[in-house]
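Read through the structure below, which is laid out as structure tokens, and then see the notes.
A short reminder: the numbers here are calculations on the coordinates, not readings from a lab. Everything numeric in this text was worked out from a predicted model, so none of it was measured. All Cβ positions, glycine included, derive from the backbone under ideal geometry; neighbour counts span all protein chains shown.
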Amino acid sequence: GDSVTQMEGPVTLSEEAFLTINCTYTATGYPSLFWYVQYPGEGLQLLLKATKADDKGSNKGFEATYRKETTSFHLEKGSVQVSDSAVYFCALLRGSEKLVFGKGTKLTVNP
Amino acid sequence: GAVVSQHPSWVICKSGTSVKIECRSLDFQATTMFWYRQFPKQSLMLMATSNEGSKATYEQGVEKDKFLINHASLTLSTLTVTSAHPEDSSFYICSARAGSSDGELFFGEGSRLTVL
């Protein structure tokens, strides 16, 4: 079945450091790929998405590129801020079927 | 974006009692709502899909008689954990979809259940 694997956390960085959170997926066909973010005490929010190969999703300085050849959708940000501290979830959606989530990666950014 | 609210955000109950968790879409009508369960350091696992006015569709391995889902209106779905036991302790999250089947999902902030 469909699955999403993302890097184990937690990840701790200093402010202005470069961030990469790896995500790979297994799915038949052409799923849509998502990154969700969960700030402390809040619900999940859609951060960015890509619906086809080579698409790049971007939002709030974060970006991720849909790589079909490597079945990956790694999340990157060039310079993280303390306010980026949250749990990040990679997810896929095939057709109108259910979202499949990775386990989440907790990011802590220190000043 | 649209707002989905869950209540209560945290509940502690005794073993054998039932607990109801509400999920409300505050500024849109949700034709479909989803209930997830999240264990520590684990993925969100879909428990069931509910459509307004019809019976919920449960994922394999989820006991429908234990986790009762009601979606009586376009803005409210409830999850009732019946005869709760300590192994039911978890983080329960709902999400709601507005409009078409490819509409964006909006998530509640989650409800943490602890069964003593």
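Quick notes on this structure:
- FRET efficiency, B:Asp65 to A:Thr20 (Cβ-Cβ, R0 45 Å, nearest 0.05): 0.50
- Loop-resident sites, region B:1-100, for GluC sites (Glu not before Pro), counting at most 12 other Cβ within 10 Å (DSSP): B:Glu63
- Sites B:Ser5 and A:Asn110 - FRET efficiency at Förster radius 41 Å, r taken between beta-carbons, to 0.05: 0.85
- Once both labels are positioned 7 Å from their Cα atoms along Cα-to-Cβ, the gap between A:Leu13 and B:Leu26 label points is 3.0 nm.
- For region B:46-87 versus region A:1-69, the gap between their alpha-carbon centres in whole angstrom: 29
- Put in order of Cβ neighbour count within 10 Å, fewest first, the listed residues A:Phe62, A:Phe34 become A:Phe62, A:Phe34.
- Cβ-based net charge around B:Phe28, under 14 Å, with every Lys or Arg adding one and every Asp or Glu removing one: -1
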